[in-house]
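The values are calculated or read from the model by the stated rules, or taken from the named source; none is laboratory data. Since we're looking at a predicted model, the values are computed, not measured. Cβ sites come from the backbone with ideal geometry, for glycine too, and all protein chains shown count toward neighbours.
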Amino acid sequence: MSQPIRRVGVLVMSYGTPESLDQIEAYYTHIRRGHPPTPEQLQDLKDRYEAIVGGVFPLRENTDKQVKALEARLNEKHPGTAFICYQGLKHAAPFIEDGVERMVQDGLEEAVGVVLAPHYSVMSVGGYIKRAEEKAKELGLKMSFVRSYQLHPKLIDALTERVEEGLRRFEGVDKDQVRVVFTAHSLPEKILEMKDPYPEQLLETSKAIVDRLGLTNWQFGWQSAGKTGVPWLAPDILDVLQTIRTENQADNVLVCPIGFVSDHLEILYDLDIEAQQTAKELGLHLERTLSLNTDPLYMEALSDVVYAQAERV
Ligand SMILES: CC1=C(CCC(=O)O)c2cc3nc(cc4[nH]c(cc5[nH]c(cc1n2)c(C)c5CCC(=O)O)c(CCC(=O)O)c4C)C(CCC(=O)O)=C3C
Ligand SMILES: [Fe+2]
């Protein structure tokens, strides 16, 4: 008799996005912890989605594809274990709690959680893990988590390729003449007092790419800060572009949003429309590195960290 095959659930967590334009209000209200947005705030978000959405919301499609590709990769590479992937979204259905519940309904007894964001902050990944952990505890599911993977060699390989490809788009321009700006989603400045690892982990990823390529003209910048009363981590990418112009640091800028792993609002609107507009006004040539989406190297990195976590259980 052969041993019964080990079955491991994988809760793949991501931010979540609406499924249709009429769901934007409910989605935004969830992000705001149950407080509905003002009509102006809602219209502003609707306008931004309308500018990037052609039928399907890009993040929905990308997350679906990433989860499928990860499941395929895990099972191909590790035929001795059956990995079954479930989605758990922070602000849209299927919510994180729904994913945990489905694993239990499907008879799974152990699971690994991973977030489609490589860098840990108590305000981002920490929040995902807390919700999954609570639901798993309530339902008696044995669950452990990948907290971050900001220096995984295959992630660095994938991002390095993206930066190389981006640099090649500045034809006839020496790479030292292109200012490379690594970005991630800003967070309220109070995370600094909490000794949150987020800024440091983002710099680690940036420096690993810089070392691989021998970049000399680079910096880190934040993007997509909220418009709340409190200060957010700075400098913002729009101010970075302004400084590059006023201090004459370069005419060419390559933005590399290392904090995000797929195409969505923050990439397709905040960078490709808003930052691009600012660059144009300043006379800067701005390019943006391609998103990882289902890049096979990224899928391998995810598969490796999930497998390693499953082995630790
Ligand atoms: C750290 C971080 C990540 C990266 C890590 C991760 O991926 O988790 C991230 C990703 C994303 N954020 C997204 C969308 C939004 N985030 C908002 C608001 C906020 N984000 C925050 C943080 C983060 N956000 C915070 C502290 C707020 C303030 C409210 C709060 O305290 O929670 C708002 C409200 C309006 C606005 O401010 O624009 C929207 C619409 C989408 C989906 C895009 C799409 O649908 O295509 C994605 C991938
Ligand atoms: Fe966000």
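Filter the stretch 21-57 down to residues that are among the polar types (S, T, N, Q) and free of Cβ contacts under 8 Å to residues at least 24 places away in the same chain and give me whichever is farthest from Q277 (Cα to Cα).
T29
Taking the condition of being aromatic (F, W, Y) and within 13 Å of ligand 2 (Cβ to nearest atom), how many residues in the stretch 114-133 meet it?
Adding up the residues that qualify gives 1.
Looking at the stretch 95-108, I want the residues that are surrounded by fewer than 17 Cβ atoms within 10 Å (Cβ to Cβ) and have a partner that is assigned to a helix (DSSP H, G or I) and not β-branched (V, I, T) with Cβ atoms under 7 Å, at least 6 apart or on another chain. Which pairs are those?
Short answer, once both residue conditions are applied: E97/R131; E97/K135.
If I go through the stretch 112-165 residue by residue, how many of them are without any contact (Cβ under 8 Å) to a residue 40 or more places away in the chain and not in a helix (DSSP H, G or I)?
2
Considering the stretch 211-244 alone, what residues qualify as being more than 16 Å from ligand 2 (Cβ to nearest atom), without any contact (Cβ under 8 Å) to a residue 24 or more places away in the chain and either part of a loop (DSSP other than H, G, I, E, B) or buried (at least 18 other Cβ atoms within 10 Å of the Cβ) (or both)?
G214, G229, P235
Read through the list (1) away from ligand 1 (no atom under 14 Å from the Cβ); (2) at pLDDT 95 or above, then give the number of the only condition that K175 fails.
The one condition K175 does not meet is (2).
Residue under question is H119, and the condition is that it be buried (at least 19 other Cβ atoms within 10 Å of the Cβ) and either farther than 18 Å from A308 by Cβ or at pLDDT 95 or above (or both); does it hold?
Yes.
Would you check if there is a residue in the stretch 196-204 being in a loop (DSSP other than H, G, I, E, B) and of a type in the set (D, E)?
The answer is yes; a qualifying residue exists.
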